[in-house]
Each structure stands twice: as structure tokens, then as C-alpha cells.
Amino acid sequence: MSELLYRPLTTRQFRLLTLLPGAEATPIQTTLRLVNLEDKPAFDALSYEWGPESTNNSEIFVDKELFTIRHNLWLFLKRLRAFSQSAQVIYADAICINQRDGEEKGRQVALMSEIYMRAKRVLVWLGEHERNSELVFGTHFEDAVSKIPRGLMMIPFVPLLAMPVVIAGRVRRATQASRADRVAAWTALLSRSYWNRTWIIQEFLLAQSVVVFCGADHMDRDLIFTKPLQDHFMSIMQKNKRKLDGIPRSFMLYFWKQNQKRHGFFSKGTPYFANIDIFELAFNFQYTECQVTLDHVYGLLALEDQRKSPSITPNYSISAQMLFIDICMLKLPQATGRGSEVTDDGLWRVPKLFRGLRLTFDHAEEILDVLFDNNQYKTQNSMVIATIAKAFDQFGLIKPERKQWILPQTKAAQTSERIISVTRQWRITQKENGNWYDLYQTAQIHEPPGMAFLQLDEPLWSRFGILRDTAIRNAASAANAQNMNNMNQVAMNNMNMAMMGPGGGGGA
């Protein structure tokens, strides 16, 4: 691959890929060009799993030069080309960003939220068909759960990319399938590994419109996440006493998006969760997977409420430990009121970010070394250093084999200077005893004992009950308001009738 493909980008520029039409057996041909966000180019953005590094990569042509991509993206491009006889302008990050240039990658990642918000559509690739997933396409979910199939009476599937498709066979096999098979296929499709990836969260939430692709089929997002589907999962929750077992994460993402939209968020210019910062986001989405640890933060930055937190620029040249320190130094003062004392609010944020970045006991010791030995931090906010040290102590983020805590477990408030002094002396003692970085014989499992109560299988989804109850209350309030309006209207009509008299005339 020639580096000439990647001409330097200015601050607001990014690249778009044009996928050229071609026969199925021919190599995939594309072209790459620079565009500016302010020019409002028309394009679709791709959302897909990169997949692990593998020798099973594939090749396409970019500006007539061979370009190696991972097999899953190649499959997606192949399917997209089959859907259209004309060229398609798309954004695919693996190609449109120079992955060998860390500096460019950081700048482009900072633009990612705007790119996905401005795309006409976000095209989601779930992979090839498996586990009867073809049963989902060509039918509504209400057909799948009804006692009497209505598949031949109703064909909601409409090709979205102007490519003729044969629907009859799909409808026929859907009507022949049992209700259990179709519900299972629907649930399996919405539970695929794609939904566990960190980057797809913002790509899915920020999209104006989503089209979901699987094998040779595709369907609009709102046809997949239908109201009957939501009712189906709600009924499962009610039967399970509000537990979330068996509820696909994709459904929960969709529910979050719809709830935020009702409050005016995830629309143009407001791509965030209201009153949520990166500490909360990193913890809530800790279940997600990404190949680069830093992306557990960078992949979520666009979703934090920037009205309440200063922004950071992605930097792929630093470690997760240094990113942890940088975020704490930048954001903790504002989040805790910029006071000089350690607050409970600050203490809670530290372990959430620690957990979200998948940091370990050894990382905690490295972080303390940086904070206490690096002159850059000695002169900075002592409250932040004290907050981190006390949180590490309070939540058991230092290895349990130490047999002691950094600080006395007391309810008495301590000044930042006192916390730093005690911690510094404790570190000196531990190092003199050879107890610093030398416990590698123990399994480095990311489960510090003091954080056991913070560990939830699905932290984000624990908020679902609150969201649901809020939605129910809002709906009830709206219904009550409508009933009141109706009652007022009836009362007004009765008053008018009484004033007009039996004959109905208002005149004297």
C-alpha cells in the first residue's frame, strides 16, 4: 500500500470512500477523496466489527492500488456492492483513517461523532446469516409472535438501496417456521457480538437513520425494534421480576436512544447523555470489548455531557494508566467543585474509571509512582492526587497481599496534604520491604475486593427500571392531561349549550 493514498488532513477534513459497482466475481474497486465537514457531503457511514487480527485478511483496490482489509469488512463491502448498480459513497474508518499514523488517528477519532451524526444513514453489518436469522427479514415481529401467522398478508420489507430482491421465498419460509423458531432467531440476531463492541455504541446512538444488514438481507432499524418486540421483552422482564436475563443489549441501546430523543438529546448538536461524564460512561459500558484499551474511553467521549466536563483529545501514544491520570487531573476538579478537600463524589468517580479502563492492582501502584515521583504532577492539584490515593485505599485497589491499607480506616475527614503525606510514607515503607511490583506470582484478576459491590453484570442496564418507570409516568401524565382536556371541553360544551338555551340560538 502506498502512503500517497493518505494525504495530510486539515482540522475539519476526513476521507470518504466511493465503492464502485462491479460483478460479484470481480475484485472490489474503490476510490478515496478528502472532504470537509463544513461542506456537508452526502454519504453513508459503516458500522461493523473489525474482528481480531488474522492471517485471513482480504484485499481490495483503493485508487487502483492493493489495500489489505480484514475479512469482515470485505464481506460487508461485497454485500453492499451487490445491492446497487451505481457507485456508493461511504465512510469506513479502517480505510478512511490512516491506521499507521497515531496522530492522525487521534484527531479523526475526535471527529467521529460528527461524522456519524451527519451521515445520511449508518449501515450496520451483523455478518452472514446463521441460527435462522433469515427468518427475521421480510416479516414484522408481531407476525413472529402471533398465534396465527399473517406473513402472506403483510410484506413490510422494502429494499432500501434500490436493488430488486426476491421476497416470496423469504415470506414463505417465515410463515412455515414455528413461533418459537422465529422469536429465537430475532433474539439471536439482536444478541450478536457486534452489539458488544465499544465503538458501535456511539455509532448506533448518534445515527439519524440505521439500516441493519445480515447476509443478503437488510431492514430499517425501526422495523427490527418494533413496538411488539419491545412489548415482548417487557413481558419477559415482568415475568423475571424485572431482571434483565435474556434481554439483548441491542434492545437496551435502542430504548436508551428513544428515551434520550424524547428529552431532546442525540439530535443535531446534542450528542450526549444528559449530566453524565466519562467516569460514569466508562463504568456503565465496561462490558464492551475493543482491541485498544484506550478506546474504552475514546469510544465513549462523544456521549458525555460536555456542558459539565472539559473535553479531551484522543492520544494513542500514551498508556491506559496515563490516560487515567490525565482524565482525573482534567475532570475531577470540575466534577467535585474545585475545592481543596477530598469529596465522596470524587472518590466514587475514581474506581468507576479504574474499572472502565480494565486497570489492575499493578497499574494502581504504577499510577501512585507517577503521581508522587513525577514533578509534573507534584505541583498540580493536590486534591486530585489525594482523591486518587484515598479511593485506591477505600475501594481496595491496592493488592490485598499488602496486609495493610494506605490510610487509617476512619470516618474523620482528612486534608489533602495529610492524605498525601501518609500515602507517601506508606509507599516508602512498602518499597523498603520489597512489596512494590513483586507479586506477579498471584493471578492478576481485575476484581479488587473492595469493588465487589460495584461489579454488576450489566451496569448500564441497572438504570433501565428508572427509565421505564419514568416513561410510564410520563405516558400516564400525558393521558391524564388529555383526559382533563376532554373533560374541560365537555364542560365548556355543556356551559355553551346551557347559555344558548333549548333552541340552540344565542340571540335575544
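The table below lists the values:
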item: Net charge contributed by nearby residues that have their C-beta within less than 10 Å of ASN275 (K/R +1, D/E -1); result: -2
item: Rounded to whole Hz, the Karplus (6.51, -1.76, 1.60) HN-Hα couplings of the stretch 96-102, x for glycine and proline; result: 6, 10, 6, 5, 8, 10, x
item: Fraction of beta bridges assigned by DSSP in the stretch 3-125 that are antiparallel (%, nearest 5); result: 65
item: Inter-label distance, nm, simple model (7 Å from Cα along the C-beta direction), THR68/ASP369; result: 3.5
item: Ascending count of other beta-carbon atoms within 10 Å, so fewest first, for TYR437, TYR48; result: TYR437, TYR48
item: ³J(HN,Hα), Karplus 6.51/-1.76/1.60, whole Hz, each residue of the stretch 201-213, x for Gly, Pro; result: 4, 6, 4, 6, 6, 7, 5, 6, 9, 10, 10, 9, 10
item: Among the listed pairs LYS78/LYS352; LYS105/LYS331; LYS78/LYS105, those beyond 29 Å (Cα-Cα); result: LYS78/LYS352
item: Under Karplus coefficients 6.51, -1.76 and 1.60, residue-wise ³J(HN,Hα) of the stretch 228-235 in Hz, glycine/proline x; result: x, 5, 4, 4, 4, 5, 4, 5
item: Approximate spin-label separation GLU59-GLU417, in nm, with each point projected 7 Å along Cα-to-Cβ; result: 6.8
item: Least to most buried among ARG118, ARG349, ARG7 (fewest other Cβ within 10 Å first); result: ARG7, ARG118, ARG349
item: TRP50/GLN230 FRET efficiency (R0 22 Å; Cβ-Cβ; nearest 0.05); result: 0.15
item: Exposure proxy order (Cβ contacts within 10 Å, fewest to most) of GLU24, GLU130, GLU49; result: GLU24, GLU130, GLU49
item: Cα centroid separation - the stretch 26-91 against the stretch 190-264, whole Å; result: 26
item: Simple label model, 7 Å out from Cα along Cβ direction - SER209 to LYS40, nm; result: 1.6
item: 5 angstrom amide H check on ARG192, placed H, neighbours 5+ away; result: none
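FYI, it's all coordinate maths here, none of it is from the lab. Quantities reported herein were computed from a predicted structural model and do not represent experimental measurements. Quick reminder, even Gly has a Cβ in these numbers, built from the backbone with ideal geometry, and neighbours come from all protein chains shown.
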